[in-house]
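Beneath this line is the structure, given in structure tokens, with notes to follow.
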Number of protein chains: 2
Amino acid sequence: MISRVLSADLHGYGGQRVQIAGWVHRRRQLKSVSFLIVRDRSGLTQVVCPPGDDLPPEESVVEVTGTVTWAEGGVELTEPQITVISEPVKAPPFDLYRPTVPATLPTILDHAPVALRHPALRQPLEISAASVAGFRATLDGLGFTEVHTPKIVESATESGANVFALDYFGRPAYLAQSPQFYKQMMVGVFERVYEVGPVFRAEPHDTARHLAQYTSLDVEFGFVEDHRDVMALLRECLAGMVESVRLRVPGVPLPEVPQEIPSIHFAEVTGEQDLSPAQERELSEWALREHGSDFLFVTGYPMAKRPFYTHPDPARPGYSNGFDLLFRGLELVTGGQRLHRHADYLAALEARGEPAEPYEGYLQAFAYGMPPHGGFAIGLERWTARLTGAANVRQTTAFPRDLHRLSP
Amino acid sequence: MISRVLSADLHGYGGQRVQIAGWVHRRRQLKSVSFLIVRDRSGLTQVVCPPGDDLPPEESVVEVTGTVTWAEGGVELTEPQITVISEPVKAPPFDLYRPTVPATLPTILDHAPVALRHPALRQPLEISAASVAGFRATLDGLGFTEVHTPKIVESATESGANVFALDYFGRPAYLAQSPQFYKQMMVGVFERVYEVGPVFRAEPHDTARHLAQYTSLDVEFGFVEDHRDVMALLRECLAGMVESVRLRVPGVPLPEVPQEIPSIHFAEVTGEQDLSPAQERELSEWALREHGSDFLFVTGYPMAKRPFYTHPDPARPGYSNGFDLLFRGLELVTGGQRLHRHADYLAALEARGEPAEPYEGYLQAFAYGMPPHGGFAIGLERWTARLTGAANVRQTTAFPRDLHRLSP
């Protein structure tokens, strides 16, 4: 491996000759001196060059050997020897070194392989990675097992609409919209499972908060009393995610996750069957004002609006043990307690006029004994968008897929 | 949450009344006493019941309150009060309590939600999860960033054959056969990236080692000298995976990962263009005999058999800086150094008579300056199959997808 020192570690090498390697982030040629700013995965280094030197253009890959010299605000490299490893064949579509991004979203997305090198565009992906690490660490510490479930499924049963169809060796098949059925089945095996993986929605609307593929952080676990245990676990996961971002991506303003996230019952909110985006925003404002919380649980969604596997609220006919979590005005998580008795599944399907046959594999789990259980799914891109204040969820994933976009 | 003690923790509660919860693994009614074996995620507990008691059938979900009593070989619960939470509606397709699995592979796969509750069938999935945790921990410790890349792609370009086609909002699209292009692009952003995710192959052959969906452990990183740096990193990952299994799934016989994995050049092995499965087995036997190693690198694969992005061996025309890793007779990993100069990509595509246009997004990364880089992909199911000695890769994933199987 090229023997090199990272930018972030240079301060430990004061006075020594070292080699760094990275991309030319910026060259600045002044009258009396020139600067080459080199970017590596850890940060930036200023290289001080004699005036008039012919400096490689931005995004060239270079190795620089130089002397680590203390300067105002840190260290820089002086007396450099610069070797160009690889040269760009054209200039980037916009300047990657400007503090704010001088480009529109379509330009950024069309040029993702180079645009994401801009530190401000890269940061949401770092936050995503740190969040997922915190999610996993929280669950690993609680005895959960990671699973990998099929993304190609036989029937478009779970939510019906908005599925991608594909040709599976001459048979019709569909891309999974969620690992819901599989994670429930695996509760019978491991009690506590999670999955981080892609889910697919043939979302026909072009909005700032929908993607055709997104990363779902899925949890399901058994031996719960009811949905409140699920909400308590979700709170732990969110706290772990925030803490992981705090440790791994310094300088990001982060929300506080209250010890107990405030909660409001659906019936107290509206007489309608669902919440509108405007209502979600208003409720979030209320939670912030009244409880100082960026998070709000809305519990007890009407059974009529929840999937057939939702557990009803035993105390309140028509309402469910299902919840949503709002985060800064947006639905971030859907979760709840599920049915666990085989007979309840058959009755729920019959009540909806659905045959049981397409669900045969899924229903097996319940035919052989299942504990009370529940779970939730966090949309990773929405989470990151809300954390970073990104107006569009497309800014939080490297290569978004939507109604119009299938490349790069 | 139901307040319960796990089987594995009972020994800390000697003499106390506690509650456990889980599945009835087995009931044994003898003349003078009855036993109920309860299974939870941590293990098994024997509950001693009065003779003649009517015990719930296998796979019932139960809560048992009892006194933790020392017995031969550990603790058991005595003076139990048993509450049935949920009852099976039929008997499992085979006895889950027998030490060896009394069922054929098709029976197991058809009944996966219940079959995987058998400890011997569950264990490969535990080994998978532990392996992935070790893979991530190794890379996190080396400054790698986790990425999530598109599984729906615009062109079937990378390897051409065996892709699944789908209808993407009225346009043709394909399921990604690997994150190869995306992980390379992300080297320009993060230098060091990995992804754990599903990949899809419309594999028309019904073999014991191919799946239509499998989990790929992908790595790519920049600033390498050549493929030997990639091989050294792969060795670290394998060691981390083995160590993680050792810690998390006790009792699994594990291979030693040599400090330096032995290596043989393709040209020393055969005059053919590829290795047959029989040759892979022979080479592995040789490595075990001569070097005491379960692992063997085969380096320098002919350029003609490697994808266009493969870096040639500068010292040996016709051969590449690409390698495979054989593990106990099977190809487990493919990796190598990649081209990094834009002009080299254009030349490589032209030499193969391929237009550059379908690769436009991918080639952007190289147009803007890329370091020498390389990477590899480990097939998770093959790894687990080789570790466990499973004859069929279908035994190492919960819900396999193949030519004939699309459910459960």
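The values are calculated or read from the model by the stated rules, or taken from the named source; none is laboratory data. Values in this document were obtained by computation on a predicted structure and should not be read as measured data. All Cβ positions, even for glycine, are placed from backbone atoms using ideal geometry, and neighbour counts span all protein chains on display.
Tabulated data for the structure shown
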| quantity | calculated |
| --- | --- |
| Pick from the stretch B:363-405, criterion more than 28 Å from B:Gln184 (Cα to Cα) and hydroxyl-bearing (Ser, Thr, Tyr), ranking: nearest to the other protein chains (Cβ to nearest Cβ) | B:Thr396 |
| Positions within the stretch B:307-339 being without any contact (Cβ under 8 Å) to a residue 40 or more places away in the chain, more than 18 Å from B:Ser178 (Cβ to Cβ) and of a type outside the set (D, E, K, R), in sequence order | B:Pro312, B:Pro314, B:Ala315, B:Pro317, B:Gly318 |
| Residues that are crowded, with 19+ Cβ neighbours inside 10 Å and more than 7 Å from chain B (Cβ to nearest Cβ), drawn from the stretch A:134-155 | A:Gly134, A:Phe135, A:Arg136, A:Thr138, A:Leu139, A:Phe144, A:Val153 |
| Any hit, the stretch A:29-45, residues being surrounded by 18 or more Cβ atoms within 10 Å (Cβ to Cβ) and of a type in the set (Ser, Thr, Tyr) | yes |
| Qualifying residue in the stretch A:287-296 (condition: closer than 17 Å to A:Arg228 by Cα and either at pLDDT 95 or above or surrounded by fewer than 21 Cβ atoms within 10 Å (Cβ to Cβ) (or both)) | yes |
| Residue match in the stretch A:198-219 (condition: among the acidic types (Asp, Glu) and modelled with pLDDT under 95) | yes |
| Residue satisfying all of: in the stretch B:189-229; of a type in the set (Val, Ile, Thr) and within 7 Å of chain A (Cβ to nearest Cβ); surrounded by the fewest Cβ atoms within 10 Å (Cβ to Cβ) among these | B:Thr215 |
| Breaking point among (1) modelled with pLDDT of 95 or more; (2) not in a loop (DSSP other than H, G, I, E, B), for A:Ala304 | (1) |
| The lone exception for B:Ala267 - which of (1) hydrophobic (A, V, I, L, M, F, W, C); (2) at pLDDT 95 or above; (3) in contact with a Gly (Cβ under 9 Å, 6 or more places away or on another chain) it fails | (2) |
| Selection count where residues are without any contact (Cβ under 8 Å) to a residue 40 or more places away in the chain, assigned to a loop (DSSP other than H, G, I, E, B) and more than 32 Å from the chain's Cα centre (by Cα), scope the stretch B:2-35 | 5 |
| Boolean, A:Val257 is closer than 30 Å to B:Glu146 by Cβ and touching a helix residue (DSSP H, G or I) at 6+ places or on another chain (Cβ under 8 Å) | yes |
| For B:Glu357: the one exception among (1) touching a helix residue (DSSP H, G or I) at 6+ places or on another chain (Cβ under 7 Å); (2) closer than 16 Å to B:Phe181 by Cα | (1) |
| Identity of the residue in the stretch A:244-268, assigned to a helix (DSSP H, G or I) and crowded, with 17+ Cβ neighbours inside 10 Å, that ends up farthest from the chain's Cα centre (by Cα) | A:Phe266 |
